[in-house]
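Below is one structure; the comments refer to it alone.
The values are calculated or read from the model by the stated rules, or taken from the named source; none is laboratory data. Everything quoted here is computed from the prediction, not taken from an experiment. Glycine also receives a Cβ, built like all others from the backbone with ideal geometry; neighbour counts cover every protein chain displayed.
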Amino acid sequence: MLAAQPPPPPEVAGEDESSCRGVFMEFMTKVTQYEELAESGERLLGRFREALEYFLRPQIPKESDVMNQILKSNCTVRMRSYIEAGCRLHCQNISNINQLSSCEDRLKDHIKKVKTLLEELEFLVENVYGITLTASLSALEVSDSQCFDNMPSTDCCSMEGVSTQEEDKSADQLDTDVSFVTVMVMVRNMLKLDYMMQEKIVSALSLKTPSSELEGYCLMWNLRPYIDDDVMRLAWKMCP
C-alpha cells in the first residue's frame, strides 16, 4: 500500500502554478485522491467477494455422522425445504444478487474515475517536464551569452563573482526541479501499473469467479505490489 501520509497543507494552493514546486504539490494532492479511490475500491471488492461467497459456500456434508444425527433430529418441513434450497433463503438470495450488481457497477465507475485521475497526473508530469526543459535551455543560453571581453578587468572580477553566485543558485534550483520531475515520473509509472492491475481484476469479476481467485484478487489489491513505499516516502518528504 502507499505510504500513509496526510495531504499537502492548504497553503500550498497559493504556490505559483508555473513553478515545478507548485506543480509537484498539485501532483501529490492528486496522488492522495488516488489513494482514497484505491481504498474505496478495495472495500467494494471485499463486499463483492462477501456477496459471491454466499453462493459459493459448500453444501451441508451429509456424509458426516454428526450432521446426519442433527438433520434427523430436526427433520421438519422447514428444515427439509431449507436443505433442498441449497441452505439459502430466497430473500437473502435477492439481497446478495442486488449487492453483487451494485458492487460491480460501482467498481466499474471506480475504474473510470481512476483513469481520469491518471490522465490528470500525466498532464502535470508533462507540464513540469516542460517547465524544467525551458529552464535548462534558458540557463544554457545565459551561460553562452556571457562575455566580458570589453569590460575593464576590475569590473570583470566584480561581475564574475556576482555571476558565479547567480549561476550556482540557478544550478541548485535546476537540480531541485529535476528531482521533482524524476520523482513524479516514478510515482506516475507505479500508479499506472497499479491501475492496470485494478482494471484487470474488475474486468475478470463475474458470478462464476472461483473463490480462490477472488481471494487472490483481494490480496493483490491490498498488497499493491507495484507501489514502492520507499519512493512514496521520498515523494512526501519532498513536500514542504
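Residue pairs whose Cβ atoms lie under 9 Å apart, separated by 6 or more positions or on different chains, with the first residue in segment 175-188 and outside any helix (DSSP H, G or I) and the second among the hydroxyl-bearing types (Ser, Thr, Tyr) and surrounded by 15 or more Cβ atoms within 10 Å (Cβ to Cβ), do not occur. Here segment 105-135 is the region considered, the condition is being more than 21 Å from Asn189 (Cβ to Cβ) and over 19 Å from the mean Cα position of the chain (by Cα), and the residue that is modelled with the lowest pLDDT is Ala135. Only one of the numbered conditions (1) at pLDDT 90 or above; (2) more than 25 Å from Thr29 (Cβ to Cβ); (3) surrounded by fewer than 12 Cβ atoms within 10 Å (Cβ to Cβ) is violated by Asp149, and that is (1). For segment 161-183, the condition holds for at least one residue, the condition being that it is at pLDDT 85 or above and among the aliphatic types (A, V, I, L, M). In segment 1-45, the residue that is nearest to the chain's Cα centre (by Cα) out of those that are polar (S, T, N, Q) and modelled with pLDDT under 95 is Gln5.
Count of segment 189-212 residues, restricted to those that are modelled with pLDDT under 95 and either assigned to a helix (DSSP H, G or I) or within 18 Å of the chain's Cα centre (by Cα) (or both), is 2. In segment 227-237, is there at least one residue being in a helix (DSSP H, G or I), within 15 Å of the chain's Cα centre (by Cα) and basic (Lys, Arg)? Yes, segment 227-237 contains a residue that is in a helix (DSSP H, G or I), within 15 Å of the chain's Cα centre (by Cα) and basic (Lys, Arg).
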